[in-house]
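A quick write-up on the structure given underneath.
The values are calculated or read from the model by the stated rules, or taken from the named source; none is laboratory data. Since the structure is predicted, the reported quantities are computational estimates derived from the model, not experimental observations. A quick note on method: Cβ atoms are made from the backbone with ideal geometry, for glycine too, and the neighbour counts reach across all protein chains shown.
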Amino acid sequence: MLVHLKTLGCRLNEAELETWAQAFQKAGHRITREAESANLVVINSCAVTQDAARKSRNLIRRIHRDNPRAKLVVSGCYATLNRDEAAALMGVDLVVGNRDKDQLVEQALAELDVTTMPAMSTEPGEISLFTRGRQRAFVKVQDGCRYRCTFCIVTVARGEEVSRPIADVIGEINSLHRQGIDEVVLTGVHLGGYGSDSGQNLVELIKAVLAETPIARLRLGSLEPWELSDEFFELFDNPRLMPHLHLPLQSGSDSVLRRMARRCKTAEFARIVERLRARMPYFNVTTDVIVGFPGETEQEWRESVDFIGRTGFGHVHIFTYSRREGTKAASLPDQLPDSVKKERSRELHRLAEEMKLKFLTDNLSREFPVLWEGYSEPLSENQKRVYGYTPNYIRVGCVIGREESLENRILQAELKTIGDNYVLTEI
């Protein structure tokens, strides 16, 4: 049977797709990148915003329209929060909520009456086809969140915190490494809360991964800034832990942060960034910011823009606030008009581009080990451009011959000039 896996949303969703891919293959089925040729399609949906929920519905409809013969399984946050609606969409054969994701493959094979071939019937080298060509694998280590930020629906969809045993994480990473993966990203809904249900913590997990796996590069997914211990910062003395963190700020105004029920004030956030850059001057800190949160005054907006500019970020994910039913923020007074939100979004996008350009410029003439990926762009009959990433997550482009390959190699490269959303180098 041919299985196609599709996701919307976060890195955690991607990590879950990787786990399902391996499970389907171990059951004797093949993963295909072509939805039109698949016998079974699994969609991991998103509902972080109303727009994400709409995109999830549209994707389900499009997949069924393009391949009406395929069995269709829907999981993820949209399917969990809107189970009846998802089940009623044309073509949907099975809905699996977030709480049952670990049994998705078993449920799909059993309930959809799909014949299972002998285990390991595919070639061992074909396990984990979902990650092939990307050199970077996402490993889910934790699910759920005990906090309730007023804008967030994901904590409702994902439920209570559950952490994977360290031994299981180590086993998965070692398996991925045997398949040729050199970089792993640890992901979770509340990654900093890892071990809250088992008496362990994220520092212990990272130490174990560095000690018990040969993985060359370890990254961390989005990490809330209020749970970073002194010992956490010391972990970056190990060059295998990549000097890049995505720390969601959400607002640079303390009064807005209080309405969001965030647990990190701007002064505390600034100290965290200072500590990271003190250990490594070119540490890349990226962030999320919500524009136009209910009640955000002009003064609060100016405070936010000023703080973001002073802090400086390598990249900013900008979200224009939209009311999300089921969250506390949806009932807050003084919802802002779209015109104000759009203007503030445009201003922040301009600032974000300036900060990104400064970060890239500051890194020029420096030399980094770059992990090159399989993706390439043809430039001419004889040349193509390939891409890779530095440890501090700068995208690097290099022109090589059409028949050459740098895929999955880590090579030193000097950053020379800034291109279109990447930095150019030569090998």
| said: When the residues of segment 237-259 are narrowed to those that are crowded, with 20+ Cβ neighbours inside 10 Å and of a type in the set (A, V, I, L, M), which ends up farthest from Gly221 (Cα to Cα)? | reply: Val256
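Anything in segment 42-72 that is aliphatic (A, V, I, L, M) and in contact with a Gly (Cβ under 6 Å, 6 or more places away or on another chain)? List them, or say none.
Step one: of segment 42-72, the residues aliphatic (A, V, I, L, M) are 42-43, 47-48, 52-53, 59-60, 63, 70, 72.
If the condition is that a residue be aliphatic (A, V, I, L, M) and in contact with a Gly (Cβ under 6 Å, 6 or more places away or on another chain), then Leu72 is the only one that fits.
Please go through segment 1-34 and pick out each residue that is free of Cβ contacts under 8 Å to residues at least 40 places away in the same chain, surrounded by 18 or more Cβ atoms within 10 Å (Cβ to Cβ) and either touching a Lys or Arg at 6+ places or on another chain (Cβ under 9 Å) or under 18 Å from Glu111 (Cα atoms) (or both). Spell out how you get there, then give the answer.
Within segment 1-34, the first condition is being free of Cβ contacts under 8 Å to residues at least 40 places away in the same chain, and the residues that meet it are 2-3, 32-34.
Add one more test, that the residue is surrounded by 18 or more Cβ atoms within 10 Å (Cβ to Cβ), and what stays is 3, 32.
Result: Val3, single match.
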| message | Here is a list: Thr320, Thr286, Thr266. Which entry is touching a residue at least 60 places away in the same chain (Cβ under 8 Å), assigned by TED's automatic domain parsing to the domain that holds Pro337, touching a Gly at 6+ places or on another chain (Cβ under 7 Å) and β-branched (Val, Ile, Thr)? | response | Thr286
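Test Ser75 against the stated conditions and say whether it is surrounded by 17 or more Cβ atoms within 10 Å (Cβ to Cβ), within 20 Å of the chain's Cα centre (by Cα) and under 21 Å from Glu111 (Cα atoms). Break it down into steps so the answer makes sense when it comes.
On the way: surrounded by 17 or more Cβ atoms within 10 Å (Cβ to Cβ): yes; within 20 Å of the chain's Cα centre (by Cα): yes; under 21 Å from Glu111 (Cα atoms): yes.
Yes; evaluated as a whole, the condition is true for this residue.
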| note | Checked pairs for segment 330-348, first assigned by TED's automatic domain parsing to the domain that holds Val316 and at pLDDT 95 or above, second part of a helix (DSSP H, G or I) and hydrophobic (A, V, I, L, M, F, W, C), C-beta under 7 Å and 6 or more apart or across chains, list as Arg344/Trp301; Glu347/Val305; Leu348/Val305
| said: I'm trying to understand the selection: among the residues of segment 234-252, which are assigned to a loop (DSSP other than H, G, I, E, B) and of a type in the set (S, T, N, Q)? | reply: Asn238, Ser251
| query | When the residues of segment 198-221 are filtered to those that are part of a strand (DSSP E or B) and charged (D, E, K, R), which remaining residue is nearest to Val141 (Cα to Cα)? | reply | Arg219
| query | Can you pull out the residues in segment 140-163 that are in contact with a Gly (Cβ under 9 Å, 6 or more places away or on another chain) and either under 29 Å from Leu406 (Cβ atoms) or not hydrophobic (A, V, I, L, M, F, W, C) (or both)? | reply | Lys140, Gln142, Asp143, Gly144, Arg146, Tyr147, Thr155, Arg158, Gly159, Glu160, Glu161, Ser163
| said: Please go through segment 151-169 and give me each residue that is modelled with pLDDT of 95 or more and crowded, with 18+ Cβ neighbours inside 10 Å, ordered by number. | reply: Ser163, Arg164, Ile166, Val169
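Restricting to segment 1-46, what's the tally of residues that are assigned to a loop (DSSP other than H, G, I, E, B) and under 14 Å from the mean Cα position of the chain (by Cα)?
Pass one, segment 1-46, residues assigned to a loop (DSSP other than H, G, I, E, B): 1, 8-10, 27-29, 32-34, 38-39, 46.
Still in the list and also under 14 Å from the mean Cα position of the chain (by Cα): 8-10, 46.
Number satisfying all stated conditions: 4.
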